[in-house]
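The structure appears below as structure tokens.
The values are calculated or read from the model by the stated rules, or taken from the named source; none is laboratory data. In this text the structure is predicted, and so the values were computed from the model without any measurement. Heads up, the Cβs are rebuilt from the backbone with ideal geometry, glycines too, and the neighbour counts pull from every protein chain shown.
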Amino acid sequence: MKKSILTLAVMLTTSHGIIAQTEITEQMLNDFRQNTELKGAEKAIQNALAATDIRNLALNHENQQEKNTFFSNSVPSKGITDQESSGRCWLFTGMNVLRSKMINEKQLNSMNFSHIYLFFYDQLEKSNLFLQAIIDTRKSPMDDKTVEWLFRNPLSDGGTFTGVADLVAKYGVVPQGIMPETFASNNTSRFTSLIKRKLREYALELRSMKGNEQTLQNAKKEMLAEVYRILVLGFGQPPTEFAWAPKDANGKYVSEPKNYTPKSFYAEMIGEDLQNDYVMLMNDPTREYWKTYEIQYDRHTYDGHNWLYLNVPMEDLKAAAIASIKDSTMMYYSCDVAKELDSKRGLLDMNNYDYSSILGVDFKMDKKQRIQSFDSGSSHAMTLKAVDLDANGKPIKWEVENSWGATSGFNGHLIMTDEWFDEYTFRLVVKKKYLSEKALKASQQKPTLLPCWDPMFAGEE
């Protein structure tokens, strides 16, 4: 491509002086055409792009050597889960953290929790959160930014660890076999969209309704009863008690089944206080470090907790992660997973693709600029389980257990270089005991409340 400078603004003289020509003119287009005469290699690239995915063309051959899958420190795990065509990575990741703990502590051959059980209550609770928020804001105009955000986001299948913690505390957990998945839970988009449509209709009714607070609450209860019925149609009725005992590799019980409620099962098998024993760390260079932040209305239950996190430099986030892995404890982790992902190899590496050589332009934004310009943000949650440290204790690469099935990536896992980790890691949930004294103290300060529409805070899917 020619290196000549194009004149992009034609100056016009008017009675008011000289102003910039802001629209695309025919002269501009002529300049563009004259300066875009593809020859040689560029013509070959054009032909290739006409028939090939640009990722295949940009794949860096020099980075295709056999990857090193050794990790100096790794938490044992058994089995890979699959969220199918749903946005429930946050729930699968949270359950995978608990599953690892139960398998290792109870010395089980395998274990999986029912994701549909908690997802049922997640959708019911989010429906209540939305309708109650509509009641709370009913005197604000429809073009109020919070009201607008509520109507845009009445319900989703995405979420965060805060939702896992609040749902588990309120409803407990059940084994996978007690409440199995359905087509609707594995393919959430269409089913959830219908509930969203009904919730918006209900919201308009509540905003126009006359009467006192109790009248509105009675109406909301009737609306939630309908949502509950719809959820039962798609997901089934959640169990309130069940019998369970572990099985061996041949599927035979190793003890007599015992009766549980979902909450008593969690208390006996896991017993951790997810709401108070864990801290979410964030690496967001657009905001001040060592400050806590809380996101308005970004929670899963009305009576639960807003999304709360401590913003820290990357080195401090890594230190907590390494301490947790060394103590055989997996973590809830989220990142911008699609960036530079070689899905066939299960590798996240800044050198996977060379788009600059294909397109003839450089991509120069740093992490802060990518966030500010909406180019990057956390998109997916996984379970951080391994790190490879060099002789000086510095990380070389990391490994996560994913929830895209055992045939995806590297045997159901993704491996990321430390450089990639720096650029695209956003959130990590760790036990307080793995935090530095500085981080633990900072996590206890009064948080800054951020608006629900902040672009950094979409739920992981």
**Fill in**
Reported set for segment 407-416 where residues are part of a strand (DSSP E or B) and surrounded by fewer than 22 Cβ atoms within 10 Å (Cβ to Cβ) is 410, 413
**Message:** I need the full set of residues from segment 155-189 which are surrounded by 19 or more Cβ atoms within 10 Å (Cβ to Cβ), among the hydroxyl-bearing types (Ser, Thr, Tyr) and out of contact with any helix residue (DSSP H, G or I) (no Cβ under 6 Å at 6 or more places or on another chain), in order please.
**Reply:** 162, 188
**Asked** Do we have residue 96 as part of a loop (DSSP other than H, G, I, E, B) and touching a residue at least 40 places away in the same chain (Cβ under 8 Å) here?
**Response** no
**Asked** Which of (1) on the phi < 0 side of the Ramachandran plot; (2) modelled with pLDDT of 95 or more is the odd one out, the single condition residue 393 does not satisfy?
**Response** (1)
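Looking only at residues that are of a type in the set (A, V, I, L, M, F, W, C) and out of contact with any strand residue (DSSP E or B) (no Cβ under 6 Å at 6 or more places or on another chain) in segment 331-373, which one is nearest to residue 96 (Cα to Cα)? Let's see the steps before the verdict.
Step one: list which residues in segment 331-373 are of a type in the set (A, V, I, L, M, F, W, C), which gives 331, 335, 337-338, 341, 347-348, 350, 358-359, 361, 363, 365, 371.
From the residues that got through so far, the ones that are out of contact with any strand residue (DSSP E or B) (no Cβ under 6 Å at 6 or more places or on another chain) too are 338, 350, 358-359, 361, 363, 365, 371.
Values: 338: 21, 350: 27, 358: 40, 359: 40, 361: 41, 363: 36, 365: 34, 371: 28 Å.
Per the stated criteria, the residue is 338.
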**Request:** Return the pairs, sorted by first residue and then second, in which the second residue is among the acidic types (Asp, Glu), the first residue lies in segment 244-272 and is closer than 18 Å to residue 173 by Cα, the beta carbons are less than 8 Å apart, and the residues are 6+ apart or on different chains.
**Result:** 245/256; 259/241; 260/241; 260/268; 261/241
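Taking residue 245, is it more than 22 Å from the chain's Cα centre (by Cα) and at pLDDT below 95? Write out each step before concluding.
Details: more than 22 Å from the chain's Cα centre (by Cα): yes; at pLDDT below 95: yes.
Answer is yes for this residue.
Restricting attention to segment 287-301, which residues are of a type outside the set (Val, Ile, Thr) and closer than 14 Å to residue 164 by Cα? Working first, answer last.
Applying the first criterion (of a type outside the set (Val, Ile, Thr)) to segment 287-301 yields 287-291, 293-294, 296-300.
Residues satisfying the conditions are 298, 299, 300.
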**Complete:** Per the filter on segment 165-218, residues more than 17 Å from residue 132 (Cβ to Cβ) and either among the basic types (Lys, Arg) or assigned to a strand (DSSP E or B) (or both) are 175, 187, 190, 197, 210
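In the set 353, 434, 424, which member is at pLDDT 95 or above and either of a type in the set (Gly, Ala, Ser) or touching a Cys at 6+ places or on another chain (Cβ under 6 Å) (or both)?
Details: 353 fails: either of a type in the set (Gly, Ala, Ser) or touching a Cys at 6+ places or on another chain (Cβ under 6 Å) (or both); 434 fails: either of a type in the set (Gly, Ala, Ser) or touching a Cys at 6+ places or on another chain (Cβ under 6 Å) (or both).
One residue alone meets the criteria, 424.
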**Fill in**
Filtering segment 142-173 for residues that are hydrophobic (A, V, I, L, M, F, W, C) and in contact with a strand residue (DSSP E or B) (Cβ under 6 Å, 6 or more places away or on another chain) leaves a count of 2
**Request:** Of all residues in segment 105-140, count the ones that are touching a residue at least 40 places away in the same chain (Cβ under 8 Å) and either in a helix (DSSP H, G or I) or under 18 Å from residue 90 (Cβ atoms) (or both).
**Result:** 25
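Could you list all residues from segment 61-71 that are closer than 28 Å to residue 105 by Cα and surrounded by fewer than 16 Cβ atoms within 10 Å (Cβ to Cβ)? Give the derivation first.
The first filter runs over segment 61-71 and keeps only residues closer than 28 Å to residue 105 by Cα, leaving 69-71.
Result: 69, 70.
Of all residues being among the basic types (Lys, Arg) and not in a loop (DSSP other than H, G, I, E, B) in segment 245-266, which is surrounded by the fewest Cβ atoms within 10 Å (Cβ to Cβ)? Just the residue, please.
Restricting attention to segment 245-266, the residues satisfying the condition of being among the basic types (Lys, Arg) are 247, 252, 258, 263.
Of the ones still in play, those that are also not in a loop (DSSP other than H, G, I, E, B) are 247, 258, 263.
Details: 247: 16, 258: 12, 263: 15.
For segment 245-266, the residue satisfying everything is 258.
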